[in-house]
Amino acid sequence: MSVYTLGIWLVKPGREDDFVQAWRDLASKTQEEFPAAKGVLMRDRDVPNRFISTGPWESFEQAGLWRASAAFTEGYEAMREMLEHFEPHTLEEAATIG
C-alpha cells in the first residue's frame, strides 16, 4: 500500500516567494532527518497564493513520525505567519493508472 502526505497551503498575498523558500527549508531539513523522503510543491495557476505539497512515505507510521519531527514542526512554525490556511492530509492509494 502506498501512503502519501498532502498539504494544501493558502499563503497571504505577497508572501508567495517567502513561502516557497520556507517550504524548501522544511524539505531540506526533512531530508536530513528522513533521507528517503521525497516531495513536490506545486502552485495553482488559477489561485496563485494556493500551493499543494505532496510526497510518498513507506508507511503511515513514517508519515506520522515526520509530522511529529522537528523538521516538520519547526518548518511549519516558520511558515505560520505567512499562511491564511493550512490543510494537512495523510492518504492511501485507492487506484492507479499507467
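If you take the residues of segment 11-57 that are hydrophobic (A, V, I, L, M, F, W, C) and surrounded by fewer than 17 Cβ atoms within 10 Å (Cβ to Cβ), which of them is modelled with the lowest pLDDT?
By that ranking, first place goes to 36.
Look at segment 34-45: where a residue is acidic (Asp, Glu) and a partner is surrounded by 12 or more Cβ atoms within 10 Å (Cβ to Cβ) and at pLDDT 95 or above, sitting 6+ places away or on another chain with Cβ atoms under 8 Å, you get 44/50; 44/51; 44/52.
Kindly check whether there is at least one residue in segment 46-64 that is out of contact with any strand residue (DSSP E or B) (no Cβ under 8 Å at 6 or more places or on another chain), of a type in the set (D, E, K, R) and closer than 29 Å to residue 95 by Cα. Yes. For residue 26, are the conditions met, namely being in contact with a His (Cβ under 8 Å, 6 or more places away or on another chain), in contact (Cβ under 8 Å) with a residue 24 or more places away in the chain and either under 27 Å from residue 94 (Cα atoms) or aliphatic (A, V, I, L, M) (or both)? No: the conditions fail for residue 26. Of the residues examined, residue 67 is not one that is free of Cβ contacts under 8 Å to residues at least 40 places away in the same chain, under 18 Å from residue 8 (Cβ atoms) and in a helix (DSSP H, G or I). In summary, residue 59 fulfils each of the numbered conditions (1) over 18 Å from residue 79 (Cβ atoms); (2) within 12 Å of the chain's Cα centre (by Cα) with the single exception of condition (2).
Looking only at residues in segment 1-10 that are of a type in the set (Ser, Thr, Tyr) and surrounded by fewer than 16 Cβ atoms within 10 Å (Cβ to Cβ), the one that is modelled with the highest pLDDT is 4.
Condition check for residue 89 on (1) closer than 13 Å to residue 6 by Cα; (2) of a type outside the set (A, V, I, L, M, F, W, C); (3) free of Cβ contacts under 8 Å to residues at least 12 places away in the same chain: one failure, at (3).
The values are calculated or read from the model by the stated rules, or taken from the named source; none is laboratory data. Computed from a predicted model, the values in this text were never measured in an experiment. As a convention, Cβ positions derive from the backbone with ideal geometry for all residues, glycine included, and neighbour counts pool all protein chains shown.
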